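Heads up, the thing below is written out as structure tokens.
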Amino acid sequence: MPNRLVEKLRSFIPGNGKKKVRHYQRQEIPRDQHTVSRSMISEQARKVLHRLNKSGYEAYLVGGGVRDILLGGQPKDFDIATDATPEEVHELFRNSRLIGRRFRIVHVVFGREIIEVTTFRGNALDAREEVADDEHRTSEHGLLLRDNVYGNLEEDALRRDFTINALYYCIRNFSIIDYANGVQDLNNRQIRLIGDPETRYREDPVRMLRAIRFAAKLDFNIEPNTEAPIRKLAPLLTHIPSARLFDEVLKLFSAGHGEATYDLLREYNLLAPLFPETAQAIEAGESDELIRQALRNTDARIAQGKSVTPYFLFAAMLWPALQAEWHRRQDNGDPVQPALHGAIGKVIGRQVQATAIPKRFSGPMKEIWELQIRLPRRQGKRAFATLTHPRFRAAYDFLLVRESAGEIEPGLGQWWTDFQRADERVQEKMLSELGSTTAPRKRRRKRSPVKRPPQS
Ligand code: ATP
Ligand code: MG
């Protein structure tokens, strides 16, 4: 790399560097002044680091792996940054695969553990002159279209999103390298973007979601300059491919702090680009209590080491939108069931424009919703048919969430709880006790004066 460029990068912040210029200085924290030790790093990650080093490459642990250990937590996964090219890394590890087209990264696969290895990224904008390519590097909104220039360690650090994510652990001398005062921000519990926040959000609006995700997960504050542009720039997320947003939504709600994340999303106008119909329905007075209740349950499940099902999460997140559309159709005279079917199609159809929903998830989501009108109808053989439905369990869980959200009269959930556990004789008795008009009446909705047909 020419000296001229290195000089430029020393004084420039990432992005266009036109606004506030902040000087960052490399700091090296020796092993006896930090808490990261080899034993906290997965054996596989250590193996990858050692092999890269032995083969003559620079390689560091970076990102959540360093951050979470410094915070006394358990990293979700380990990311490694190196000066070896993706092809060189791939060559070194038989158990690796090259992924990504725009910026290739390498996954080194050890059974269920995947170590992500990325080649140092350069400052795409400053390096523009270096590459023989005349395409525009940013879109009209400042979105970074290509981020595929390799760089050195310092450039790599300054291309990362937050200061606390730009800490590198060196397994050769056990030091931590900090280019952006990340340790200081970690101690002060601050989420701070590296460089000019607006530029960095425009380059990649997903960074706004990441700010919220880390703030909720780590219980950190978002530093004022990092926080300031979010509300205004939130709509930029609509330019992000829907498949990427789907992945981000899962990350947002699978970290065990879903309810806190939800509150922050609303606070920063970020719910609307992710769930436009839901945001609109809530704005118009629809309750979001079911979402909160579902996220509370999800958080509790994650705390117990259980998994989260994406279709359950999406069924909950879209429930206010579905309710609004379903009721609108009933108010227009559609009977309950066709109104529900129509509403389901419409809500999912619109949602996939914001966040793609793979078919393997949208199918079960629909079933959970459809079963909500079957669960109250138990007479005759209906209860048995519902019980054997492949999506019964999820729909029953959903019913319980609705009940605890105060959306329906208590009782039906307990009935199903008992019915599942009972033997055949007791089940028959439970059914015979139902009589003919048993479905619990839906509570009158406070919001709307319109009288609706009963839902069951
Ligand atoms: P976790 O894995 O716990 O969710 P993480 O910080 O490791 O958190 P990853 O998504 O695994 O997050 O990314 C690894 C690192 O890559 C980040 O720490 C950050 O340095 C960098 N990074 C990820 N996404 C971006 C982005 N959109 N812009 C800039 N840097 C990013
Ligand atoms: Mg990570």
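Observations, loosely collected:
- When residues of segment 55-79 are limited to those that are more than 15 Å from V108 (Cβ to Cβ) and assigned to a helix (DSSP H, G or I), the one nearest to ligand 1 (Cβ to nearest atom): G64
- Residues in segment 393-418 that are acidic (D, E) and assigned to a loop (DSSP other than H, G, I, E, B): E407, E409.
- Only residues that are within 16 Å of L274 (Cα to Cα) and not in a helix (DSSP H, G or I) were counted in segment 335-365, giving 4.
- Restricting attention to segment 49-85, the residues that are more than 16 Å from ligand 2 (Cβ to nearest atom), farther than 16 Å from T119 by Cβ and modelled with pLDDT of 95 or more add up to 2.
- Failed condition for R393, given (1) surrounded by fewer than 20 Cβ atoms within 10 Å (Cβ to Cβ); (2) over 25 Å from R296 (Cα atoms): (2)
- Test: S96 is among the polar types (S, T, N, Q) and modelled with pLDDT under 95: no
- Of the candidates G285, G305, the single residue that is within 22 Å of G65 (Cβ to Cβ) and either in a loop (DSSP other than H, G, I, E, B) or under 12 Å from the mean Cα position of the chain (by Cα) (or both) is G305.
- Identity of the residue in segment 101-110, touching a helix residue (DSSP H, G or I) at 6+ places or on another chain (Cβ under 8 Å) and surrounded by fewer than 19 Cβ atoms within 10 Å (Cβ to Cβ), that ends up modelled with the lowest pLDDT: R104
- Residue check, S42 within 16 Å of ligand 1 (Cβ to nearest atom), of a type in the set (S, T, Y), assigned by TED's automatic domain parsing to the domain that holds L193 and surrounded by fewer than 19 Cβ atoms within 10 Å (Cβ to Cβ): yes
Rundown of residues vs (1) closer than 19 Å to M317 by Cβ; (2) crowded, with 19+ Cβ neighbours inside 10 Å; (3) touching a Lys or Arg at 6+ places or on another chain (Cβ under 9 Å); (4) among the basic types (K, R), yes/no style:
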residue: Q353; (1), (2), (3), (4): yes, no, no, no
residue: I357; (1), (2), (3), (4): yes, yes, no, no
residue: G380; (1), (2), (3), (4): no, no, no, no
residue: E409; (1), (2), (3), (4): no, no, yes, no
residue: A422; (1), (2), (3), (4): no, no, yes, no
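- So E113, is it at pLDDT 95 or above, of a type in the set (D, E), within 16 Å of ligand 2 (Cβ to nearest atom) and within 30 Å of the chain's Cα centre (by Cα): yes
- Residue ID - nearest to E58 (Cα to Cα), chosen from residues in segment 98-123 that are within 14 Å of ligand 1 (Cβ to nearest atom) and of a type in the set (K, R): R121
- The listed residue being in the same structural domain as N165 (by TED's automatic domain parsing), buried (at least 19 other Cβ atoms within 10 Å of the Cβ) and at pLDDT below 95, out of R128, R121: R121
- Residue check for N95: away from ligand 1 (no atom under 16 Å from the Cβ) and closer than 20 Å to E28 by Cβ: no
Results for (1) at pLDDT below 95; (2) in contact with a Phe, Trp or Tyr (Cβ under 8 Å, 6 or more places away or on another chain), shown as yes or no for each residue.
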site: A294; (1), (2): no, yes
site: V308; (1), (2): yes, yes
site: H341; (1), (2): no, no
site: I368; (1), (2): no, yes
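- Among the helices (runs of 4 or more DSSP H) confined to segment 160-228, the ones with at least 2 residues that are more than 16 Å from ligand 2 (Cβ to nearest atom) and buried (at least 22 other Cβ atoms within 10 Å of the Cβ) are located at 197-203, 206-218.
- Test: residue in segment 367-383 that is aromatic (F, W, Y), in a helix (DSSP H, G or I), in the same structural domain as Y311 (by TED's automatic domain parsing) and more than 27 Å from the chain's Cα centre (by Cα): no
- Screening G256, G285 for residues that are within 16 Å of ligand 1 (Cβ to nearest atom) and at positive phi leaves exactly one candidate, G256.
The values are calculated or read from the model by the stated rules, or taken from the named source; none is laboratory data. Fair warning: this is a prediction, and the values are worked out from it, not measured in the lab. All Cβ positions, even for glycine, are placed from backbone atoms using ideal geometry, and neighbour counts span all protein chains on display.
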